[in-house]
Each structure stands twice: as C-alpha cells, then as structure tokens.
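Below is one structure; the comments refer to it alone.
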Amino acid sequence: MPETIAELSDVEQKSLEEIPHPSLPEGSSLYGSTKVFPDYQAENGETYFTLVHGIAHESSVSFVAVLQATRALRKGFETAIYFYGPGSLNCLATRGFPTVGNSAFPGEHNINNQLKTFLAEGGKVFCCRFGLSLHGAREEDLIEGVIPTHPLDVQDALIHYARKGAIINSTYQL
C-alpha cells in the first residue's frame with residue numbers, strides 16, 4: 001500500500017518543526033539506572049499477599065499488581081493474589097474477540113498470560129464468586145487453577161495472611 005502523507009498548513013508545519021524529532025535516537029537513556037534499595041529476597045517462611053479490586057484493561061493497576069506478585073514469588077515469597085469485586089473479571093479464561101483466545105487488540109491477553117505464568121510458578125490465585133456474579137461471569141469461565149472463594153472470604157483471607165506476617169499489597173481502582 002502506498003504511503004499517504006497528510007497535507008499540512010503552514011502553521012501546522014511550523015508547529016511540527018519547532019522541536020526536532022526524534023529528540024533522542026532509539027536506545028538513548030532518559031533515566032538513570034541506580035537501584036536505591038537492596039534487592040531483597042524472601043527469608044524463610046515470608047509471605048506476600050495482594051488484593052486486587054481493579055478491572056483488566058481499565059488501567060494498569062491490576063496488571064502491575066500481578067507483575068509485582070510474580071516478582072515476589074520469584075524472590076522466594078509464598079505468594080497469593082485475591083481478586084474481588086470488579087477485579088474478579090481479571091480471572092476469566094473466556095477473554096477474546098471474535099472468539100475466545102483471539103486478541104482483538106495487542107495486549108488483550110496480558111493479564112491471562114501473566115496469571116497463567118504466576119500459577120505455573122507456584123503462586124495461588126483466589127477469585128470472589130460474588131465479584132463474578134456482579135458482572136454475570138460464570139465460575140466455569142475461570143482460568144484453570146484459580147480458586148473460587150465465598151464473598152465472606154475476602155476479609156478472612158486478609159486476616160489469615162496478616163496473621164502469617166505477610167507483606168500486603170492492596171490495589172484498588174475506582
């Protein structure tokens with residue numbers, strides 16, 4: 001397909017040329033790389049617990065929480081993620097368009113793929129049944145290995161992991 005170039009007015013062209021692009025060539029560093037804190041690893045018996053109350057693709061909150069939990073798992077922490085409320089939608093294996101498993105846009109399956117990685121590496125994933133029901137999602141549509149939970153389990157899971165001395169990461173999206 002031949003390249004089409006938009007016609008620009010003089011003022012549009014002037015605005016475009018005010019700052020040279022790209023300002024830095026690809027691969028240039030924009031930020032320093034000094035890590036300020038030590039690269040902590042889990043000590044014997046340490047636990048990391050994440051609560052997620054955010055919808056997949058509505059922000060980076062849910063995805064980043066899963067990435068952080070995966071990193072904690074790889075540092076040796078016993079690690080679990082608990083999805084509740086609208087966060088429960090992150091656990092659906094039925095994502096895709098026009099058919100399950102097909103990505104309608106790049107990254108549509110990022111959360112699915114990362115949760116599968118997290119589970120495969122030994123993490124636990126819990127999903128609130130009530131959160132699923134609020135959005136008409138079915139329990140049988142969960143990613144394989146996700147543990148469905150009772151609505152009253154959210155608070156008790158938090159108490160459980162707090163009593164274990166877990167580092168608790170609670171993410172919330174409005």
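Since every read-out is calculated from the coordinates, none of them should be taken as a lab result. As the structure is a prediction and not an experimental result, all values here were calculated from the model. Positions of Cβ are backbone-derived with ideal geometry, glycine not excepted, and every protein chain shown enters the neighbour counts.
Shown for the chain: lysine pairs separated by 8 or more places, or found on different chains, whose C-alpha atoms are under 28 Å apart, numbering 7.
So how far, in whole Å, is the C-alpha centre of segment 122-158 from the one of segment 17-63? Here the two parts' Cα centres lie 27 Å apart. Computed over the chain, relative contact order equals 26 percent, with contacts defined as Cα pairs under 8 Å that lie 6+ residues apart. Taking every C-alpha pair closer than 8 Å and separated by at least 6 residues, the mean separation divided by the residue count of segment 66-167 gives a relative contact order of 31 percent. In order along segment 28-37, the Karplus-derived 3J(HN,Hα) couplings, from 6.51 cos²θ - 1.76 cosθ + 1.60 at θ = phi - 60°, round to 5, 7, 9, 9, x, 10, 5, 8, 7, 9 Hz, and Gly and Pro are given as x. Distance between the 7 Å Cα→Cβ label points at residue 113 and residue 134: 2.9 nm. Taking R0 as 45 Å, what FRET efficiency do you get between residue 156 and residue 17 from their Cβ-Cβ distance, rounded to the nearest 0.05? Taking R0 as 45 Å, the efficiency between residue 156 and residue 17 is 0.15. Database note for the chain: Cys without another Cys beta carbon under 4.7 angstrom, 128.
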